[in-house]
Every structure is written in C-alpha cells, then in structure tokens.
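Quick note: the coordinates plus some simple rules give every number you see, no bench work behind them. From a predicted model like this one, the values you see are computed outputs, not experimental measurements. Backbone-built Cβ (ideal geometry, glycine too); neighbour counts: all protein chains shown.
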Amino acid sequence: MVKYIFKRLGQTVIVLFFVSVIAFLLIRLAGGNPALLLAGDGATDAEIAEIERSLGLDQPLVVQYFKYIGNILRGDLGRSTSYGMPVANLILSRFPNTLKLASVTVLFGCILAIPLGIIAGSHQGTVIDFFATLFALLGQSMANMWKAVVFIYIFSVWLGWLPSIGMEGGIKSYVLPVMTLGWQMSAQVTRISRSGMIDTLHEDFITATYAKGIHPLVVRWKYAFKNAVCPVITLVGMRFGTMLAGTIIVEAIFSWPGLGQLLNTAVNQRDYALVQALLLLSGAMFAIINFAVDIINSLVDPRIKLR
Amino acid sequence: MNRKTLLKRMVHNPFFMSGIIIMVILLLILWIVPNLIPYDATTNSLLEMNKAPEWFSRGFEGHVLGTDSLGRDILARVLIGGRTSMKIGLIVVFIEIVIGTTMGLLAGYFGGIVDTVIMRLCDIILAIPNLILGIAIMAVLGPSIINLIIVLCFTGWVQFCKLTRNNVIIAKEMEYSKASKAIGASDTHIMFTQILPNVTTDIIIIASEKFGQAILLESALSFLNLGIAAPAPSWGNMISDGKSFLMVYPWIAMSAGFALMFCVLASNFIGDGLRDVLDPKRY
C-alpha cells in the first residue's frame, strides 16, 4: 500500500511539474513584453532594459522558470493588474464561494444520480431505465449556459420564485446554480453507474449470490454496486476537481463571486498573472483530487494496486 | 456481425434511429432554409429591433424567429451559426481521430518508453479541465476560427489515444497479429492493416459523441467571447447576447439554445445507440 501511494505521489508531482511549465510558457507566449507595459509609452530603450533587468527578463528561460517556481513555493503568485492586489489574496477570498457551490452540487448530484443509476442498471430495458437514460442524455446535451438561461427564465422571470444573481439570497441563491451544474454531473454519474451495474450483474459471482438465496435488493445495492463503484468515484472526483477550479460559465451567468468569475475577468482584462495562477491552481486541484481518488479506489477495490 | 444483422440492430434501436433522424433533419434545415429567407445573418436593421417571432404568418418573408437587439433576423443567425458549428465539429473530430489514433497505436504497439511518454502527455493535458485550458489558450492566441480548432483538437485527442492504446494492447496479443509478425510483416503494416481495423468500433462510438462535445465546447468559448467573434453568428454568442434581454425579449436566447440542444442530443443519441448496436453483450 505504502509503495502504491508513493508511486502515485511521484506521478502526481511529475504531472504538476509539467502543468507549471505549461502555465509558465503559455503566459510568456502571450506576447507583449511585460517591461514595455510597465514602462508605458515614451520610455527609452535604456529604461526598458533596466526594467527587464529588475524583473529578471534578461535571464535564460530556465532561470526565469525556477525563479517563478521559487516564488510560488513562498506563496507569492504575483500581482493582479486588474484588481491591483496580490493574486494569492484574491484567490483566497474567492475560493470559499467556489468550494461551497462545488460541494453542494456534488452532494446533490450523487444523492440523485447513484440510486437512479443502480435502479436503471438493474432493470435494463424498462420504463424506469428509459427515463433515466433520457434524463442523462438531456443533461449531457444541454449546454450549461442554456440550462442556466432556461432555469432563470422559468424560475426567476416567469414564476419569480428564485434569485438569478449573486449569493446573498442564502439557500435560495444556491438552487439555480446547483440545478444547472448538478444536472450535468448527475447525467454522467447516472450513466456510468448504470453501465457499471449492467456489466457487473452479468458476472458469475452475482449468479452465485442469487443462488445462495440472498435478497435481490441486497445483491444489487451491496454486492453489485460495490463492484461498480470505482468508476463512479473517479468520475465524481474529476467533476469535483473541475468545479473547484471554478465553474466559469455558471459563475458568469449567476454572478457567483468565485474563481470562475475571477478567471473570466482575468482573461477579459488580459491580467496574465491571474490567468497563470488560476491555470496552475486548477491543475494542482485536479492532480490532488485524482491522487485522493486513486487511494480511495485502491482501498475499495484492492485489485487496483496490482496493476 | 454481418451487414444485415447490423442494419437490423440499428433500425431496432430507438436512440440510434432518433439520433440519425434528428441529425438528418437538422442538416437539411441548415443547408436548405438559408436559401429561402430574404435576410442576411449579419445585416443590422435599426427599424426592426427586438421583434417577436412571427412564426409562419408571412411564410419565410417575415422574421420567423424574430429579431435580436440589432434588428438581425434570428432564424438566419441560428442557421448560419449552425453551419459554422457543424463544420468546426467535423473538422475537429477528424483531426482528433487522426492524431489520437496514431498516438494510441504507437503507444499500444511499441509499449515501453514510447507508451510512457505518450501516456504522461495525455495525463498532463487531462490534468487541466478542458474549458479552463481552452480559455487560457484562446486568451493567448486571440479569437479566430483556426485558433478555435487548434484549441479544441489540443484538448480533445486524448480520449481517442487512451482508448486506442488499450484496445491495441489487447489486439497485439491476438493470433492474427502474431501470425503477421511471424511471416515477416513490417510494424507499420501490422499496425495499420492488421490491428487498426480491429479497434475501429470504439473509435466510431467516441467520435459521434466527441462531435457533440466539440460543438458544446465551441459554443461555451463563443459564449465567453473567446470563440467565434461577433458579428459572425454562433449559437454560443447568441445565447450570450440574449441572456441580458431575458426579461423582455426571451426569444433571442431561446432559439440558439434549442438548436444547440438538438444538435448535441442527436450526436449523443447516435453514440449511445451505436454503443448498444455494436456491443455483442447487450443483446
């Protein structure tokens, strides 16, 4: 087990290293010499060269990269040009809002989708299965922005029940964003738990448990589901990781003050330090969640460690 | 499975058939109707701003789906935007298949260091969520259709690669591959004429779903003004235009959303149907 954990940890660090290289290079490619921007119009070549020296831009890329990593490890993510404050503070102030939205969505999605997937998978070809599949396909086929627009139209404009922007409305303001994100997530979770159940229910050990006279409900919800659960855990983890990095579209539509909205502003304002930090953060979040998911999966299904 | 059984399975699969029917109708509408309407997708008309849909009260002469805040005919915009999205989706999926399958074949067939390098590359691309990577790259490259295609392909070939690799590893151990090797066939010959035809099933299934996903991602980027730039129409930027007028002129956002939904739905139906049709276990 310890060996497995260290192996996965090593892979995570490698992936993180490359993600940081991508984030670093992408912003360097973004064109526009930062020194020129800082110096403003009418600066002489000597002044620009001076600023380049002070920023370390005259040094080789590798040296610049290690400086960048060194700063990150000390918690210095640079300064946001559009907000005029340190990127780290900005991210820390927005992260809780995104975390709340993502957690509620994952909880809602799992409570809805896992039972639906189990029931649909155990009764393949029935009416319940048809509606579960339809629910999932619709959820995957409607773009999030479109779902959001329809929900706002029905519940805010037409019925006037729910607020459509911000998070000041307490629990009410969570309903529409969570419905939008949760439908997409539960669509995927329903499908994957359904197909996992179908595959597992064909296995010999299921026939054996039936033969022993165990109640069909116990066979399905305990024995079969435990074997089908690993892809579900992976998927839920991945969705959670993606949402933690900011649910850009939904946050933009519902004016949710989270990381996604921050990224949207950063991109529109060409605030490259902020874009870079958010890119790195989403990679890190994703890698850490994936690592956690693999460890959980190997605890649930010990066969995974042997691969 | 012979051709007759395959056809029979396709016809009897409700999802597959509805997907095909929706897709064919959509394609026909997209390519025939723009020739019938007298409006252009990008011409503003300040006298006809925010007109409600007239449906077919005046045939195609009226604004069937109404006009937007600049007086442009929404039907024309939905159709022209749809053509662009369809073309982008097709091109992107084609490029993804070529890159992904080749990389997957190489990784699965040669194994060892080639496999490790390609698989780690996949991990790195998968390590950043699609939309976020797409936004960052588009912000750097600037919005244009070519850049959009590059971004979509860059994030999308990975699934084809991973799937092909796993299938190739199985196919490589099959007797026909070993037999080819024994009679002295070259690696390229074995990879492309012996193994590739045996791993195409999954590629077809994924391709039909990726088509819808590419269109979804394209419209998400266009929604954020990072994809197809105004005044050129796209379903994404039409929803974005319309969402500010939801209170008063809801039809601006609705038409594009419905079109997008039917298109992606058709693509998912076809993919899902094919999964059942082509899977011997499911019958």
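Would you grab the residues whose amide H sits under 5 Å from the one on A:Trp256? Only those 5+ places off in sequence or on another chain, please, with H modelled 1.01 Å from N.
Amide H to amide H, under 5 Å and 5 or more residues apart or across chains, A:Trp256 pairs with A:Gly166.
Roughly how far apart, in whole Å, are the Cα centres of region B:104-158 and region A:49-94?
26
Can you compute the charge dipole magnitude of chain B about its Cα centre, using +1 on each Lys and Arg Cβ and -1 on each Asp and Glu Cβ, nothing else charged? Give it in debye, rounded to the nearest 20.
Roughly 680 debye, rounded to the nearest 20.
If eta is 1.567 mPa s and T is 4 °C, what Stokes-Einstein diffusion coefficient results for chain A, Kirkwood Rh from Cα pairs, in µm²/s?
58
Name the trypsin sites (Lys or Arg not before Pro) in region A:68-102 that are in a loop by DSSP and that have at most 14 other C-beta atoms within 10 Å, would you?
Qualifying residues, ordered by number: A:Arg74.
Working from Cα positions, state the angle (0 to 90°, nearest 10) between the long axis of helix A:272-300 and the longest principal axis of chain A.
Here the helix axis deviates by roughly 30 degrees.
What do you get for chymotrypsin sites (Phe, Trp or Tyr not before Pro) in region B:49-124 restricted to DSSP loop and a cutoff of at most 12 other Cβ within 10 Å of the site's Cβ?
Taking region B:49-124 and a limit of 12 other Cβ atoms within 10 Å, the loop chymotrypsin sites (Phe, Trp or Tyr not before Pro) found are B:Trp55, B:Phe56.
Please state the Cα pair-distance histogram of region B:92-244 with 5 angstrom bins from zero: what percent is in each bin?
Bins of 5 Å from zero give 2, 9, 17, 17, 16, 12, 9, 7, 5, 3, 2, 1, 0, 0 percent of pairs.
Counting other beta carbons within 10 Å of each residue's own, what order do B:Trp31, A:Trp256 fall into, fewest first?
Fewest-to-most Cβ neighbours within 10 Å comes out as B:Trp31, A:Trp256.
Starting from the 7 Å offset along Cα-to-Cβ, what nm value, one decimal, do you get for the label separation of B:Leu6 and B:His189?
If labels sit at B:Leu6 and B:His189, their model points lie 2.6 nm apart.
Taking the highest mean first, how do the peptides A:296-302, B:149-155, B:138-144 order by number of other beta carbon atoms within 10 angstrom per residue?
Per-residue Cβ counts within 10 Å, averaged per peptide and sorted highest first, yield B:149-155, B:138-144, A:296-302.
How big is the charge dipole of region A:88-269 about its Cα centre, in debye rounded to the nearest 20, if each Lys and Arg gets +1 on its Cβ and each Asp and Glu gets -1 on its Cβ?
Roughly 200 debye for region A:88-269.
What are the semi-axes of the equivalent ellipsoid of region A:120-246, taken as the square roots of 5 times the eigenvalues of the Cα gyration tensor, listed largest first and rounded to whole Å?
36, 16, 13
Can you tell me the Rg and the Dmax, both Å, for the Cα atoms in the protein assembly as shown?
25.7, 87
Can you give me the three principal axis dimensions of chain B from its C-alpha atoms, in Å, biggest first?
Result, largest extent first: 76, 48, 28 Å.
Using the Cα atoms as the points, what is the convex hull volume per residue of region A:75-187 in Å³?
Dividing the Cα hull volume of region A:75-187 by its residue count gives 144 Å³.
Given chain B, what count of lysine pairs have C-alpha atoms under 21 Å apart, with each pair 8 or more places apart or on different chains?
Count of close lysine pairs: 7.
Let a ≥ b ≥ c be the square roots of the eigenvalues of the Cα gyration tensor of region B:3-107; is it rounded (a/c under 1.5), or, if not, prolate (a/b larger than b/c) or oblate?
It is oblate, given that a/c is not under 1.5 and a/b is not larger than b/c.
Charges only on Cβ, +1 for Lys and Arg, -1 for Asp and Glu: so what's the dipole of the protein assembly as shown about the Cα centre, in debye to the nearest 20?
Roughly 1840 debye for the protein assembly as shown.
Given labels modelled 7 Å from the Cα in the Cβ direction, how far is it in nm from A:Ser103 to A:Arg74?
In this crude spin-label approximation the distance works out to 3.3 nm.
Does anyone have the angle between helix A:87-122 and the longest principal axis of chain A? Alpha-carbon axes, 0 to 90°, nearest 10?
20
Arrange the following residues from fewest to most other Cβ atoms within 10 Å of their Cβ: A:Thr12, B:Thr102.
Listing A:Thr12, B:Thr102 from fewest to most nearby Cβ atoms yields B:Thr102, A:Thr12.
Which number gives the lysine pairs in region A:88-269 that have C-alpha atoms under 20 Å apart and are eight or more places apart or on different chains?
Close lysine pairs found across region A:88-269: 4.
List the DSSP H helices in chain B whose Cα atoms stretch 24 Å or more along the helix axis and whose mean Kyte-Doolittle hydropathy is at least 1.6.
Passing helices, by number: B:14-32.
At 7 Å along the Cα-to-beta-carbon direction for both A:Trp161 and A:Phe18, put a label point, then send me their distance in nm to one decimal.
4.7
Place the peptides A:224-231, A:144-151 in order of packing, highest mean first, counting for every residue the other Cβ atoms within 10 Å and averaging per peptide.
Top to bottom by mean Cβ count within 10 Å: A:144-151, A:224-231.
Quick one: A:Thr98, A:Thr234, fewest Cβ neighbours within 10 Å first, how do they rank?
Result, fewest neighbours first: A:Thr234, A:Thr98.
Under 5 Å between amide H atoms, partner at least 5 residues away or on a different chain: which partners does A:Arg79 have, H built in plane at 1.01 Å?
Under 5 Å from the amide H of A:Arg79 lie the amide H atoms of A:Val87, each far enough along the sequence or on another chain.
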